[in-house]
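The values are calculated or read from the model by the stated rules, or taken from the named source; none is laboratory data. Bear in mind the structure is a predicted one, so any value in this text is a computation, not a measurement. Please note: Cβ atoms are built from the backbone with ideal geometry, for glycine as well, and neighbour counts cover all protein chains shown.
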Amino acid sequence: MIQSMTGYGKAESKLGTKRLVVEIKSLNSKQLDMSVRLSQAFRSQELQVRSMLGKQLERGKVDVAIYTEELTDEVQAGSFTPINRAAYAFHLHELRELCPELTDAERAQAVLSMPDVTKTEEQSSVTDEEWQTVEQAINEAVQHFIAFRTQEGAALEAMFTEKLDAISALLAEVEPYEKGRVENIRQHLLSGLDKLAQETRKQVDANRLEQELIFYLEKLDITEEKVRLRNHIRYFRETMGSDNPVGVGKKLGFIAQEMGREINTLGSKSNQSEMQIIVVKMKDLLEQIKEQVLNVL
């Protein structure tokens, strides 16, 4: 079962008098590109958080946020930001002397925006028991995140299967045109040579002509391309069903490239408009596969 690199997971828990929130989001990326935003209390554990998540997320542009919220809107002791009265009085006195043209309201507004007047006193660290709660929330968010990736991966697998079935069906449509194709080419070449012989009044060496026709028709034969394309389609399906989803996206990308080579060769060897139309349809389906392969883990 494949997984998508697009994912979202969230977990909440109670941490003291606050609500702990862990959010994980990701988009596609060639490597693991992790951005971690932590509350001040958790800053010292950033390396530990990155190590925990790096082992489980593998690839993607990942955005991680761990923060706390008040459990209630009511004002509780310790839940508000106190005003430093001494700093407020000092800055207000300074502004009265430096900016006499300002009103008291304007001075008060300016003073309250100064960092040393209103300073959030956050807990500088967490206890071992509190950190266990944080770790549990992180693991729960990761589980939800992986479940989301798996769900998105199932949708991608269904899409890939649909496109592969369509390519296989188009490949089968080539065969009826291929049967009469060789004889049509042969007759067209012979007709052209007969006309040339009449104009030049020189006969063509029949043995040499037969050898050249065989060589030319072998170059236009598409049997090997059809066999290889079918094998690539089969291998793509087998890879999607791999038990280990890690690295499957890159492998599917390589297989899609090889499928493209065979389809392009089919197009270059096709000298019938009906076959070329089929090849164009194949290319369109393959491009849709390539676009979505970039989202596979």
Flag for PHE215 being modelled with pLDDT under 85 and out of contact with any helix residue (DSSP H, G or I) (no Cβ under 7 Å at 6 or more places or on another chain): yes
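Conditions tested, residue by residue: (1) surrounded by 13 or more Cβ atoms within 10 Å (Cβ to Cβ); (2) touching a His at 6+ places or on another chain (Cβ under 7 Å); (3) among the β-branched types (Val, Ile, Thr).
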residue	(1), (2), (3)
LEU98	no, no, no
VAL111	yes, yes, yes
GLU130	yes, no, no
VAL134	yes, no, yes
VAL142	yes, no, yes
PHE145	yes, no, no
PHE148	yes, no, no
GLU152	yes, no, no
LEU164	yes, no, no
Of those in segment 13-55 that are in contact with a Leu (Cβ under 8 Å, 6 or more places away or on another chain) and either of a type in the set (Ser, Thr, Tyr) or part of a loop (DSSP other than H, G, I, E, B) (or both), the residue surrounded by the most Cβ atoms within 10 Å (Cβ to Cβ) is SER26
Selection count, segment 5-20, where residues are touching a helix residue (DSSP H, G or I) at 6+ places or on another chain (Cβ under 8 Å) and farther than 17 Å from ASP128 by Cα: 8
If we scan segment 224-237, do we find a residue that is surrounded by 16 or more Cβ atoms within 10 Å (Cβ to Cβ) and in a loop (DSSP other than H, G, I, E, B)? no
Could you list all residues from segment 263-297 that are of a type in the set (Asp, Glu) and at pLDDT below 95? GLU274, GLU291
Within segment 230-280, the residues that are among the aliphatic types (A, V, I, L, M) and farther than 30 Å from GLN56 by Cβ are ILE233, MET259, ILE263, LEU266, MET275, ILE277, ILE278, VAL279, VAL280
Per the filter on segment 272-286, residues within 32 Å of the chain's Cα centre (by Cα) and not charged (D, E, K, R) are GLN276, ILE277, ILE278, VAL279, VAL280, MET282, LEU285, LEU286
Please work out if ILE185 is modelled with pLDDT of 90 or more, assigned to a helix (DSSP H, G or I) and of a type outside the set (S, T, N, Q). no
Condition set surrounded by 13 or more Cβ atoms within 10 Å (Cβ to Cβ) and aliphatic (A, V, I, L, M), scope segment 243-259, selection nearest to LYS290 (Cα to Cα): answer is ALA256
Close pairs (6 angstrom Cβ cut-off, 6 or more residues apart or separate chains): in contact (Cβ under 8 Å) with a residue 40 or more places away in the chain in segment 234-247, surrounded by 14 or more Cβ atoms within 10 Å (Cβ to Cβ) and not in a helix (DSSP H, G or I) anywhere: MET240/ILE2; PRO245/ILE2; PRO245/GLN3; PRO245/LEU297; VAL246/GLU58
Which ones in segment 1-12 are surrounded by 14 or more Cβ atoms within 10 Å (Cβ to Cβ) and out of contact with any Phe, Trp or Tyr (no Cβ under 6 Å at 6 or more places or on another chain)? ILE2, GLN3, SER4, MET5, THR6, LYS10, ALA11, GLU12
Residues within segment 249-297 that are assigned to a loop (DSSP other than H, G, I, E, B), of a type outside the set (A, V, I, L, M) and closer than 30 Å to LYS55 by Cα, tallied: 1
